[in-house]
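**Student:** Got a structure for you, questions after.
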Amino acid sequence: MSRPSEIIIDLKALLSNCRLAGSLCAEGKLVAVVKADAYGHGAADIALALEPEVDMFAVSSMEEALVLRKQGIGLPLLLLEGCFSTNEYLIAEQQKFELVIHSLHQLHQFTNIALPNPITVWLKVDSGMHRLGIQPEDVDHGLRLLNESQNVSNIVLMTHLASADSRESSFTDMQLTRFFDAIEGSPVAKEIDYSISIANSAGIIGCPQSRQDWNRPGIMLYGLSPFDFPQVLADELRAVMSFQSEVIAVRDIEPGEAVGYGNTWIAQRPSIIATIAVGYGDGYPRNAASGTPVLVNGQRAALVGRVSMDMICVDVTDLMNVNIGDSVELWGKNLSANEVAGHANTIGYELVTRMPTRAKRRVVD
Ligand SMILES: *Cc1c(COP(=O)(O)O)cnc(C)c1O
């Protein structure tokens, strides 16, 4: 027997989410974002399952892209932060990687080398997030350099939305205006062919104007809503990751008795406490507070006391008949990682992405 804590990756749910993205972006193409080991879901498994459904993949770096090539992924791969050094451009060309160019520094590096064959370049424009991207007033200059370069086959103009997940759309509208104004104001843009890419998951679901030639879904593929409020389309997403374990001990405690390290939680009534084989060493967030929901036999119970490295304790006083070996869902189909994240001062993105390598992973289709 082994420790029961495990992660189940549901490829049917993945495909269903991907088809939702595809139907929303029916006029454009999909770049499935599989950076950071596919948000902790296992990039090779996810990319192999998605390959027939999408047009390309995006990762953060050359290292991540090479792992996918080794696993047999043949689609073009986009490096979202571009190249970090000059020798990477040659590898990118060899491997059919496409590049983001997000600064004048990268633009000059790229146009000053000679590639054996031209490649597709994604020129990123900073429309208001102020993280990566050339300034809107440099778009014409950037396009001119790319257009004159022998290294370029195709150009995609891209930008990234900072708050498409917010209920309030004025910032997104402002970003779209800045981006399109920059293109509109560029004489070179009128002379050349290019395509456009704006939307992340929140844009795809919530902002139809952001759906363009190339769309970049990430979190929605994994079945988590990018929104922290109910949203009709996002409600159709199905969780891909289920984080499960089992009850390994059950005890009765008296009122006034404490549970866990530091005695932070004290029973107010005669209580039944179930101990679950999962802890921060398995990827459960240590800062999840007492009261965080945990499903025991499919019923909601509350985490009590501090999260240990390998265990948590749950108050199951109000549940019928909890026994050793009973099933526990930490998050997944019946309890969203987003809801758990809300009790741990973070977001669902972080919870799924930072699963440790010791976590056992099982892929089901
Ligand atoms: C991570 C990322 C995405 C995907 O974002 P989600 O919110 O997960 O859909 C899209 N575009 C860029 C540039 C990214 O870095």
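The numbers here are math on the coordinates, done by the rules we state, and not lab data. Note that the structure is a prediction, hence the values are computed from the model and not measured. Note that we place each Cβ from the backbone using ideal geometry, even for glycine, and neighbour counts take in every protein chain shown.
**Student:** Which order do peptides 236-246, 327-337 fall in by mean Cβ count within 10 Å, highest first? It would help to have the intermediate numbers written out before the result.
**Tutor:** Details: 236-246: 22.1, 327-337: 20.5.
So the order, starting with the most tightly packed, is 236-246, 327-337.
**Student:** Using the Cβ atoms and a cut-off under 15 Å, what net charge is assigned to the surroundings of K70, where Lys and Arg are +1 and Asp and Glu are -1?
**Tutor:** Working: positive: R69, K96; negative: D37, D45, E51, E63, E64.
Neighbourhood net charge equals -3.
**Student:** Separate question: Determine the relative contact order of the range 31-190: mean sequence separation of Cα pairs under 8 Å and six or more apart, normalised by residue count, in whole percent. Provide the component values of the computation, followed by the final result.
**Tutor:** On the way: 260 pairs, mean separation 24.7, N = 160.
Computed over the range 31-190, the figure is 15 percent.
**Student:** With the radius of gyration and the Kirkwood radius both derived from the Cα set of the chain, what is their ratio Rg to Rh? Write out the running numbers ahead of the final one.
**Tutor:** Numbers: Rg = 23.6 Å, Rh = 22.2 Å.
Ratio value, two decimals: 1.06.
**Student:** Cα atoms only, the range 118-265: Rg and Dmax in Å?
**Tutor:** Final numbers for Rg and Dmax: 23.0, 78 Å.
**Student:** Could you give the radius of gyration (one decimal) and Dmax (whole number) of the Cα atoms in the range 1-99, in Å?
**Tutor:** 14.9, 51
**Student:** Run through the range 159-214 and list the trypsin sites (Lys or Arg not before Pro) located in a DSSP loop whose Cβ has at most 10 other Cβ atoms within 10 Å.
**Tutor:** Working: sites: R167, R178, K190, R211; in loops: R167, R211.
Passing sites in the range 159-214 are R167.
**Student:** Over all distinct Cα pairs, what is the inverse of the mean 1/r for the range 247-365, reported as the Kirkwood hydrodynamic radius in Å?
**Tutor:** Values: mean 1/r = 0.0689 Å⁻¹.
Result for the range 247-365 stands at 14.5 Å.
**Student:** Please give the calculated 222 nm ellipticity per residue for the chain, where each DSSP H segment of at least 4 residues contributes -39500 (n - 2.57) and the sum is spread over every residue; nearest 500 deg cm²/dmol?
**Tutor:** On the way: 12 runs with 101 residues, N = 365.
-7500 deg cm²/dmol, from helical runs alone.
**Student:** Could you tell me which GluC sites (Glu not before Pro) in the range 1-63 are loop residues by DSSP with no more than 11 other beta carbons within 10 angstrom of their beta carbon?
**Tutor:** Numbers: sites: E6, E27, E53, E63; in loops: E27, E53.
Counting only loop positions with at most 11 other Cβ atoms within 10 Å, the GluC sites (Glu not before Pro) in the range 1-63 are E27.
**Student:** Further, regarding this structure: Give the long-range amide H neighbours of T292: residues separated by 5 or more places, or on another chain, with amide H under 5 Å away, using H modelled in the peptide plane at 1.01 Å from N.
**Tutor:** L303
**Student:** Calculate one ³J(HN,Hα) per residue across the range 202-210 by plugging θ = phi - 60° into the Karplus curve 6.51 cos²θ - 1.76 cosθ + 1.60, and present them in order as whole Hz with x for glycine and proline.
**Tutor:** 4, x, 4, 7, x, 9, x, 5, 7
**Student:** While we're on this one: Would you please give the FRET efficiency between H108 and T177, computed as 1/(1 + (r/R0)^6) with r the Cβ-Cβ distance and R0 = 41 Å, to the nearest 0.05? Walk me through the intermediate numbers first.
**Tutor:** Numbers: r = 28 Å, r/R0 = 0.69.
Here the calculated transfer efficiency is 0.90.
**Student:** Related question: For E63 paired with H141, estimate the spin-label separation in nm (one decimal), with each label point 7 Å from Cα along the Cα-to-Cβ line.
**Tutor:** Label-label distance for E63 and H141, simple model: 3.3 nm.
**Student:** Work out the FRET efficiency for R286 and I192 from their Cβ-Cβ distance, taking R0 = 45 Å, and round it to the nearest 0.05.
**Tutor:** Numbers: r = 52 Å, r/R0 = 1.15.
Step by step, r from the Cβ atoms, then E = 0.30.
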